[in-house]
1. Based on Cα coordinates alone, diagonalise the gyration tensor for segment 198-244, multiply each eigenvalue by 5, take square roots, and list the semi-axes in whole Å, largest first.
2. How many percent of the alpha carbon pairs in segment 151-310 exceed a separation of 27 Å?
3. Excluding same-chain residues fewer than 8 positions from Lys166, which aspartates and glutamates have a Cα within less than 13 Å of its Cα?
4. Quick one: of Lys141/Lys299; Lys210/Lys299; Lys223/Lys246, which pairs are farther than 28 Å apart, Cα to Cα?
5. What ranking of Asp149, Asp248, Asp99 comes out by heavy-atom accessible area, probe 1.4 Å, highest first?
6. Hey, rough spin-label estimate for Glu206 and Ala292, points 7 angstrom out along Cα→Cβ, what's it come to in nanometres?
7. Please sort 105-118, 252-265, 196-209 by packing, taking for each peptide the average over its residues of neighbouring beta carbons within 10 angstrom, highest first.
Amino acid sequence: MKKFSLVMAVFMLMITILSSSAMAAELEPIEVGPYPGNDITSQINLDDVNVDAIIQDMIQTHTDSYEMTEEDYIWAQNVIELYNSNESKNFSSTRASFDDNWYKLRYGNLIELTLDLDEGISNSVALDCLNLSRTAETEAKNNFSNYQDSAQHFIWNFKMTVSQSKTIARTIGNNHEWGIAMINPMLTYHERMYNQYIQEGYSENEAANKALAKTVFYIPQFKYDTVCIMQASYDFFNGFFTDESKMDFWNNCYGRAYPEKGYTSGVVAFRYSAFTKRELVLDGTGSGNMAANLTENQKQSIWSWDWYSY
């Protein structure tokens, strides 16, 4: 796919320049991803923002207009094989059934990996960042047990920025949230494709293989289309992502900003950002709502400042 190879190269340069000047002025972190366009917005009715209905329209539009090529199938199969080799469950690429593939999509990791690979992240870098997330989880649990989710996301993005780059940290951090948010739409599309292939006379094994490959290839396009719609509609953005994901987008961005301030420890940086500057969204401890402290102004800012896209 690689829709954004040139745009992403420009973006990597711009984000470095913009964020450096912003941090010197002690402003909110500035991160502006590439504007993908509005290819699908002319085909989708946004007058009545019903998120589920818009997603169904998106899926129907794609189903009506796209037929998978052999090249697309090979790309998707390569992604699936990488995913299988990464997973501790060690799924075999030859073991295909609707239920097996449903589980691969259900936990979001296949979606997340597909987006990372499509946006230029290598498998080895993705695995390194996964290990950093486990270290961040331990540090957050040991140091900020009352605010573990907020601390974990901040520290993880801090570590990825130090170890890799701010651009890579943003890509992987954002795609983690997209991987979660896209589970139900991709399960819906996968089931539709599976049933279609069964009706066309394919065996269950063949239908399962083709449906998963077609879903994997659709994952980057679905994100692209969704970003286009979100950039035209705050209400769609607000309805598509949970408040927990929006909280993570906020804390992730601040985590990526703090290495530029001279901090070498994510734990120290989180403590200063959370409790001295009071600029983070902290877990809603004891409220029963993880993102209870997220405000409407912060949601609007995440959307308008583009802390969620590419």
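The values are calculated or read from the model by the stated rules, or taken from the named source; none is laboratory data. Here the structure is a predicted model, which means the values were calculated and not measured. Every residue, glycine as well, gets a Cβ built from its backbone with ideal geometry; the counts of neighbours run over all protein chains shown. In case anyone asks, the SASA skips ligands and DNA or RNA and just uses the protein heavy atoms, side chains included. Shrake-Rupley method; radii C 1.70, N 1.55, O 1.52, S 1.80 Å.
1. Details: eigenvalues 210, 24, 16 Å².
Listed largest to smallest, the semi-axes of segment 198-244 are 32, 11, 9 Å.
2. Summing the P(r) tail past 27 Å for segment 151-310 gives 36 percent.
3. Glu31, Glu260
4. Violating the 28 Å limit, Cα to Cα: Lys210/Lys299.
5. Numbers: Asp149 35, Asp248 10, Asp99 100 Å².
Output order, biggest surface exposure first: Asp99, Asp149, Asp248.
6. 5.6 nm
7. Put in order of decreasing packing, that is 105-118, 252-265, 196-209.
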